[in-house]
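Structure first, then comments.
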């Protein structure tokens, strides 16, 4: 069990790059990151949320596979698609991981306790610590990508996913709101904050690598009205054909606030000879452009900061000179070829009594994904092909005026916003307008346009 002194949360230490070594409690900060669930339980208890405690243990590992995997040549499958958008290329189920893109969005909430801290800092007037924790949260979402080389399932039009984590104090919901272009919208409620956005991934295959360019804006709003917005950076996966496969994130992330501070982070692109890869560095600036803090670290390890004296540069900073913002949790002790984190392992779990509460559109009920999780590869591939045929209806449905059930677009080309009602419908067990999208269908009614589900 972790215990923390309130003053450690809200007293802002001072430091200068390369000049003053911060006297801070790094051990407490590290323990805070490693046992966040215990901290969250303490917070829930203090706030009278005993009714939100879980009465079960979330799973620690995936089911043991029923079948032995078959080797498949990726180059043989995609060699004719160099320079094309791979979201249009149909791949066997062996190249998927047992999660949908809707669930993948929820992985960004693994370190949501950083937003809880940001909210509390803002409540006591510490705006700098608020933006620093928001920046750490924006980076932390990339940590789960290390060693993850399989692609998530592309959801069907109208497919949804819910994640209720009372022990983390969050409720997350996402829906596929458009088929062409593929758009996923999400909404999450936490302790004193709301997070939402929609996203589309544009992909290009370059022979030895795949480039993933996110399109969309993420918005974080605290209950006191402060708002931060940012977009994700480019992700590339290298050495697809020869060498050890690895991924990298590169580009500039602007976290724009509507009040006192904003933050600019640069994700350094990794080179072949890079001895210190995966670096992230940047600054917090006030409204007149004055640097208030330097932020640096690695997206797969942790983030640090030092208060800025105006002369500090990220390359001059080391963790020993700085204060810890976020530290990546330890890897799951039950790794598979998917390299899912401990949090990701729980995302597709059907906990006791959950299936009866879910709408028929939830990703957990998707048969090909469930078979893959169970290691039933032949059944998974058969079901994936069936759902691909079913997906051919999506373009026609969209052309005929199909609209999302839980999100609505602002204007003609604006973002999608959650319209509400999902959790109320769940409580009542009323899923009107939620069709059984994973069920059987009459193929004679399908327009013969090939729209693959990759």
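The values are calculated or read from the model by the stated rules, or taken from the named source; none is laboratory data. Because the structure is a prediction, the values reported are computed rather than measured. Note: ideal-geometry Cβ built from the backbone for every residue, glycine included; neighbour counts use all protein chains shown.
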Strands (runs of 3 or more DSSP E) lying entirely in region 91-168 (those with 2 or more residues that are free of Cβ contacts under 8 Å to residues at least 60 places away in the same chain): 160-165
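Taking the conditions exactly as written (buried (at least 17 other Cβ atoms within 10 Å of the Cβ), at positive phi and assigned to a loop (DSSP other than H, G, I, E, B)), does residue 353 satisfy them or not?
no
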Count of residues meeting criterion [out of contact with any strand residue (DSSP E or B) (no Cβ under 8 Å at 6 or more places or on another chain), modelled with pLDDT of 90 or more and in a loop (DSSP other than H, G, I, E, B)] in region 368-409: 4
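What are the residues in region 410-422 that are over 21 Å from the mean Cα position of the chain (by Cα) and within 21 Å of residue 162 (Cβ to Cβ), if any?
Of everything in region 410-422, those that are over 21 Å from the mean Cα position of the chain (by Cα) and within 21 Å of residue 162 (Cβ to Cβ) turn out to be 419, 420, 421.
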Selected residue (criterion: nearest to residue 198 (Cα to Cα)) from residues of region 169-182 that are part of a loop (DSSP other than H, G, I, E, B) and in contact (Cβ under 8 Å) with a residue 40 or more places away in the chain: 182
Extreme residue, farthest from residue 251 (Cα to Cα), among residues of region 301-318 that are at pLDDT 95 or above and buried (at least 19 other Cβ atoms within 10 Å of the Cβ): 306
Residue count for region 356-367, restricted to those that are part of a helix (DSSP H, G or I) and under 17 Å from residue 98 (Cβ atoms): 4
